[in-house]
Amino acid sequence: MGKILQAQRVAYELNTGIELTSNVLIMQTCENKLCCNPAHLYDNTLKKLRQTMSAQGRIPGFEQGEENRAAKLNAKEVLEIKGRYVRGKLGSKRLAKQYGISRSEIRNIVHGRKWGWLKMRMSPFINMFNKLISLLQRLIRGLTNRK
């Protein structure tokens, strides 16, 4: 028994001469799921498709920040977390307990993996101070690793 192929993928490959990998999606500009007209076909990835659909408001629950129904925090709380953690007032364990989220979520926020689009407004002095502390910490780690 042979391999089952999708008509759109075959039409795209024959028209463009490009052999598609499994992570590439074939989309239709006319948005007719059954369309195989090569002029209507284009390649896409799942990541780009999600970004496009989110920007168009077509994926409920994929909204950013407070707009996401699953969000446990709002922008003000995220900025508080970033500020308090950066200034060393509280560690991730205490912040997590205070805001009712996990320590890994606190670290994701602080390191910009979550809510990364939300930037803190820091004075140039605080920013320079934080960079200096980071540099000193790396220097100390380097010295202690030599022993």
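Taken together, the values in this text are just the output of simple stated rules run on the coordinates, not laboratory data. What you see is a predicted model; the values in this text were computed from it and never measured. All Cβ positions, even for glycine, are placed from backbone atoms using ideal geometry, and neighbour counts span all protein chains on display.
Given their separation in residues at 0.36 nm each and the Cα-Cα distance between them, N74 and R94 gain 5.4 nm when the chain is fully extended. For segment 7-55, the relative contact order works out to 37 percent when only alpha carbon pairs closer than 8 Å and six or more residues apart are counted. The modelled label-to-label distance between R50 and N15, using points 7 Å beyond Cα along the C-beta direction, is 2.7 nm.
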